[in-house]
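For reference, the structure is listed below as structure tokens.
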Amino acid sequence: MKFHPSIVQARFESPLGTIILAATPQGLAGLWFEGQRHLPAELAAPDTWPTSPDHPVLAETIRQLNEYFAGARTCFEVPLDLSGGTAFQQSVWQALIGIPAGGTASYSGVGRSIGKPAAVRAVGAAVGRNPVSIIVPCHRVMGADGALTGYAGGLARKTALLTLEGVLEDTLV
């Protein structure tokens, strides 16, 4: 992925662990769980992207994430900057945005929705490289048989997000 040179970051302590947020002048460009797969290499060096928790997009994203985790928000209203992905990846990520809270889609269903029904593996790769987890809801994509499948942030987090959204039953006793 290519990121805008003026990108800034902030960290947010969520119920599912530390989240790293990144924004450009165009909008939110990243939302990753600390340590997840496909974390940008730029985050390995602590000072590559300046920290700016007061950046308007980052502050608004944190506010909306707090509401989401409290069960008071089901969709997000922050500008996105998905320009770091290829045209194909961007089409997949836009399709993910169309999956409503409480709903799910299969990888093949996402492929059909973008006019690429045979591109299931490529869709899976694009879903896995989604740079704006939760807000671009890649956790709502399931296997064709409805099974939970890979999630860059880990299956435990995917399960927790789907439980929060009412897709899965809360199995805690």
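The table for this structure:
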item	result
Residue that is surrounded by the most Cβ atoms within 10 Å (Cβ to Cβ) [pool: residues in the stretch 135-153 that are more than 21 Å from R63 (Cα to Cα) and of a type in the set (A, V, I, L, M, F, W, C)]	V141
Scan of the stretch 65-121 for residues that are at positive phi and touching a Phe, Trp or Tyr at 6+ places or on another chain (Cβ under 9 Å), ordered by number	none
Leading residue by the ranking (surrounded by the fewest Cβ atoms within 10 Å (Cβ to Cβ)) among those in the stretch 65-106 that are under 22 Å from L164 (Cβ atoms) and of a type in the set (F, W, Y)	F69
Residue identified as crowded, with 17+ Cβ neighbours inside 10 Å and at pLDDT below 95 among P46, P40	P40
Meets criteria (touching a Pro at 6+ places or on another chain (Cβ under 6 Å), surrounded by 14 or more Cβ atoms within 10 Å (Cβ to Cβ) and either of a type in the set (F, W, Y) or outside the structural domain of R157 (by TED's automatic domain parsing) (or both)) for F12	no
Breaking point among (1) closer than 25 Å to F12 by Cβ; (2) among the hydrophobic types (A, V, I, L, M, F, W, C); (3) surrounded by 17 or more Cβ atoms within 10 Å (Cβ to Cβ), for A156	(3)
Entirely in the stretch 1-102, the strands (runs of 3 or more DSSP E) that have 2 or more residues that are touching a residue at least 12 places away in the same chain (Cβ under 8 Å), touching a His at 6+ places or on another chain (Cβ under 8 Å) and over 19 Å from K158 (Cα atoms)	8-14
Qualifying residue in the stretch 109-123 (condition: in contact with a Lys or Arg (Cβ under 8 Å, 6 or more places away or on another chain), loosely packed, with under 15 Cβ neighbours inside 10 Å and in contact (Cβ under 8 Å) with a residue 12 or more places away in the chain)	no
Any hit, the stretch 82-91, residues being among the aliphatic types (A, V, I, L, M) and either farther than 14 Å from R129 by Cα or touching a Pro at 6+ places or on another chain (Cβ under 6 Å) (or both)	no
Leading residue by the ranking (nearest to G143 (Cα to Cα)) among those in the stretch 156-170 that are in a loop (DSSP other than H, G, I, E, B) and touching a residue at least 40 places away in the same chain (Cβ under 8 Å)	V167
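The values are calculated or read from the model by the stated rules, or taken from the named source; none is laboratory data. Keep in mind the model is a prediction, meaning the values are calculated, not measured. A quick note on method: Cβ atoms are made from the backbone with ideal geometry, for glycine too, and the neighbour counts reach across all protein chains shown.
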